[in-house]
Amino acid sequence: MSDPSSASSLASEALQVLTEQVFTNMKLATPALEELLKAASKYHAAMEQANAAAQVFVDALGKVAVTANRGRAATHELGQSMQKIASQHHKMVADRDIQTRKMQTQFIVPLQKRLRTEQKTFGKMEDDFKGMTKQYKNELKKAGQSTIKAQKTAAKKSKDEHAQEVMQKALKTMLHKSKSFEAFNQRCLRACLIEERRRYCYLMDNYVSVFEDDLRNSGAAALVREVLELSGAPEQLPDSSLELIARNGSNGVMFEVPVGAGEEKEKSLRSIEPSPLTKELEQRFHNHDDHDDQPHLLPPGCPPGGLRSHTSTDDLDANQSRRSRRSPSS
């Protein structure tokens, strides 16, 4: 029969490797997000220029429509239609102007905030993880040395009940610390996966808040619903992620905390899970009473109104209501 302490140690090593991979993935993804931010700024500037040119064009078209309306019967009715067309085009330009402001306030600014926040919090998370890992390993090393010493003493004094009790106690301590370290690694991996998922959930919700109408008008309403459904719960890991964490545990159980774990040990576990960022966002995003008149504090970079602040639907009237609710305040 395999040693439970050894099984937990092997599981901890596997979980630690996975956590380090997530940290690496987040670091590698940051430059791509920074490039996206630069591209978004250029896109926003081009949108402003295009809107300004469109406004000049529509104003000129309106003047031509007025001259046509002043004509005799040959152009009077056509001139009236031209004025209606020009007025409608003015509304189109106004909608594009709203979209341009959304691009700044609901995509660029939130992305800037997230990148600044992540630069600090991700580094802090990794430092906490490394520090706590070192602490756990030191405790395991000491427990292992104590266990070996107790076993040798018990072997020499096989009839000494006290020596046998000391050995059993040392074995239990070693098992407890091994399982605590495994639970710590499971929780760390979960926290890191949530942080990785969160950045993409917020990004796509911000994106859809700017370009939803364009996507729907291009026939991609189903895709909009799919993206919003997948990104609507950033702190809820998919089953595949939870299975990954459990599968790499020593017995396929999530977040096992050994029986008899002391309060001091529990505090050390909580110091990393939830992570500093997760804890802050959870307090801001979840601790909100719908009947409370106090303003709802949102996580850094979270879109105005919060994630899933609208329900995806094909109804154009509902879509217009969403657009006005997401519009930046003047």
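Each reported figure results from applying straightforward, stated rules to the coordinates on display, with no laboratory input. Quick caveat, the model's predicted, so the values are computed rather than measured. Because the Cβ atoms are built from the backbone with ideal geometry, glycine has one as well, and the counts that use them run over all protein chains shown.
Spatially, the range 131-160 and the range 181-250 are offset by 43 Å when compared through their Cα centroids.
How much FRET efficiency would the formula 1/(1 + (r/R0)^6) give for residue 104 and residue 242, where r is the Cβ-Cβ distance and R0 is 45 Å, rounded to 0.05? That pair, residue 104 with residue 242, gives E of 0.75.
Shown is the FRET efficiency for residue 145 and residue 25, computed with R0 = 51 Å from the Cβ-Cβ distance and rounded to the nearest 0.05: 0.90. Annotation: the residues 100, 67, 30, sorted from fewest to most other C-beta atoms within 10 Å of their own C-beta, follow the order 67, 30, 100. Residues 190, 225, ranked from the fewest to the most other C-beta atoms within 10 Å, line up as 225, 190. Cα-Cα over 30 Å: which of 113/141; 113/179; 124/179; 42/84; 124/149; 42/130? Over 30 Å apart, Cα to Cα: 113/141; 113/179; 42/84; 124/149; 42/130. With a simple spin-label model that places each label point 7 Å from the Cα along the Cα-to-Cβ direction, the separation between residue 157 and residue 59 comes to 9.8 nm.
Put in order of Cβ neighbour count within 10 Å, fewest first, the listed residues 107, 57, 122 become 57, 122, 107.
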